[in-house]
Amino acid sequence: MVGKTVLILGGGFGGLATANQLRRLLPTEHRVVVVERKSAFYMWPFNMRLMAGEAKDRREGERALSGLARKGIEWVQGEVQELDPKARRVRTSSGILEGDFVVIALGAEKDATAVPGFAESAYNLYDPDGALRIYNALQEFDSGRAVVLISRTPFSCPAAPYEAAFLMDSAFRSKGNRNRVEIAIYTPEPRPMPAAGPQMGETVIGMLKERDIAYYSQQKLQRIENASHKIVFEAGQAPFDLLVGIPPHFAPKVAREAGLTDETGWIPVDLQTMETRYPGVFALGDVTFIRQPNPTGLPLPKAWVIADEQARVVARNIAAQIRSEDQSNKYDGKGFCYIEVGGGQAAYGSGSFYEYPAARVYLEPPSHHHHEERKKGEMEQLETLV
């Protein structure tokens, strides 16, 4: 058999999970190549541990991509500059690559400059250095209005902004100044984590109320005025003394320029196989837009656990094509997530987004067990991927 080449664009969760699965499924004559500009993989959920002060250095959540070599996975360090999906050809800053299969796992670009005033005013929750700065700011903050701001939808890890609000509440209670701090969250969403269904949203709202965290939905952001410490929405304004923000997310420029995106701004794929309209070209994870196959039509959440499950399906189907076997693997819409609530506790949600007539997701109450389980799972995943 003539060896095939699988090009995986992106060294994040989805890309590395695909690479690892393929390497286990395919003989060594077939090349598995990961293209990633960064030199290390970072476990993004680790930001919550940095914000909570459980970890002090982002390097605890990093692993060098050079470690892929010992697994028989090639790593090309370079920027993906141009993509021809029809020819399955990729131009990178390190040269031109051609593959028999291409997996697009480039994630979402997070652009703090897309909202006027965001970069100057907000601590970026989705940046590890920003998460560290949030921790330091919480230690120094004595009184005033602390706000969590979701600038646009969709965004990665739908639970993260709510986790941030819970962790802020916990930090101030530990310091003994919670009675001097007002905490609020503003979001353009109709309810928390809408893709998970109304029951999940109501449960999270209840958890916010229990902690006296104000919740403002359907708030369309226009700009942030740093000098006056005001957030300006289409229908009003809100003051802040400390601002934690989630920046706008976009599909990478190279995907847009390749004509892969549609009117949603993301790459549409088959909801079960992750294949694009180009044969042999797949996309998974945050770069995609997948509507739930039920009357809600809500998008599938952008979350690493979902990218991981999609990666398994993509890898199995590519391996099956190479071996001329039946391609019967399909993503079933299942997923899970942990929600940190502070005090060393986390809730656990799991279910299926492909249920009819709506997603069915259940939330188990917060516990120390779930918190420890999350930490253990993240570190195991980190060691497995690289």
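The values are calculated or read from the model by the stated rules, or taken from the named source; none is laboratory data. Just so it is clear, the structure is predicted and the values come from calculations on it, not from any experiment. For neighbour counting, all protein chains shown are included, and Cβ atoms are generated from backbone atoms with ideal geometry for every residue, glycine included. Side chains included, ligands, DNA and RNA excluded: accessible areas come from the protein's heavy atoms. Shrake-Rupley method; radii C 1.70, N 1.55, O 1.52, S 1.80 Å.
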Just one of (1) under 21 Å from VAL181 (Cα atoms); (2) open to solvent by 70 Å² or more (accessible area, probe 1.4 Å) trips up PHE250, so point out which.
(1)
Selected residue (criterion: farthest from PRO279 (Cα to Cα)) from residues of the stretch 69-101 that are among the aliphatic types (A, V, I, L, M) and out of contact with any helix residue (DSSP H, G or I) (no Cβ under 7 Å at 6 or more places or on another chain):
ALA69
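Condition check ((1) more than 27 Å from LEU25 (Cα to Cα); (2) of a type in the set (Phe, Trp, Tyr); (3) in contact with a Pro (Cβ under 9 Å, 6 or more places away or on another chain); (4) open to solvent by 40 Å² or more (accessible area, probe 1.4 Å)) across all residues:
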| site | (1), (2), (3), (4) |
| --- | --- |
| THR273 | no, no, no, no |
| THR276 | no, no, yes, no |
| PRO279 | no, no, no, yes |
| VAL287 | no, no, yes, no |
| LYS302 | no, no, yes, no |
| ILE306 | no, no, no, no |
Which of the residues belonging to the stretch 317-338 are more than 19 Å from ALA159 (Cβ to Cβ) and either in contact with a Leu (Cβ under 6 Å, 6 or more places away or on another chain) or open to solvent by 20 Å² or more (accessible area, probe 1.4 Å) (or both)?
ALA319, GLN321, ARG323, SER324, GLU325, ASP326, GLN327, SER328, ASN329, LYS330, ASP332
ILE205 vs (1) in contact with a Pro (Cβ under 8 Å, 6 or more places away or on another chain); (2) within 21 Å of VAL305 (Cβ to Cβ); (3) part of a helix (DSSP H, G or I): all pass except (2)
Report every pair of residues separated by at least 6 positions or lying on different chains whose Cβ atoms are under 8 Å apart, first residue within the stretch 247-271 and in a helix (DSSP H, G or I), second of a type in the set (D, E, K, R) and open to solvent by 10 Å² or more (accessible area, probe 1.4 Å).
LYS253/GLU109; VAL254/GLU82; GLU257/GLU82
What pairs come up if the first residue lies in the stretch 9-26 and is open to solvent by 30 Å² or more (accessible area, probe 1.4 Å), the second is part of a helix (DSSP H, G or I), and their beta carbons are under 8 Å apart, counting only those six or more places apart or on different chains?
ARG23/LYS71; LEU25/ALA315; LEU25/ARG316; LEU25/ALA319
Considering only strands (runs of 3 or more DSSP E) fully contained in the stretch 82-148, which possess at least 1 residues that are crowded, with 19+ Cβ neighbours inside 10 Å, among the β-branched types (Val, Ile, Thr) and at negative phi?
89-92, 101-104
The stretch 138-176, residues that are charged (D, E, K, R), touching an Asp or Glu at 6+ places or on another chain (Cβ under 9 Å) and either under 15 Å from ALA108 (Cβ atoms) or in contact (Cβ under 8 Å) with a residue 60 or more places away in the chain (or both)
ARG145, GLU163, ASP169
State the number of residues belonging to the stretch 156-179 that are out of contact with any Gly (no Cβ under 9 Å at 6 or more places or on another chain), open to solvent by less than 10 Å² (accessible area, probe 1.4 Å) and assigned to a loop (DSSP other than H, G, I, E, B).
1
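Scan the stretch 339-386 for residues that are among the hydroxyl-bearing types (Ser, Thr, Tyr), under 18 Å from PRO192 (Cβ atoms) and open to solvent by less than 50 Å² (accessible area, probe 1.4 Å) and jot them down.
Within the stretch 339-386, TYR348, SER350 meet the criteria.
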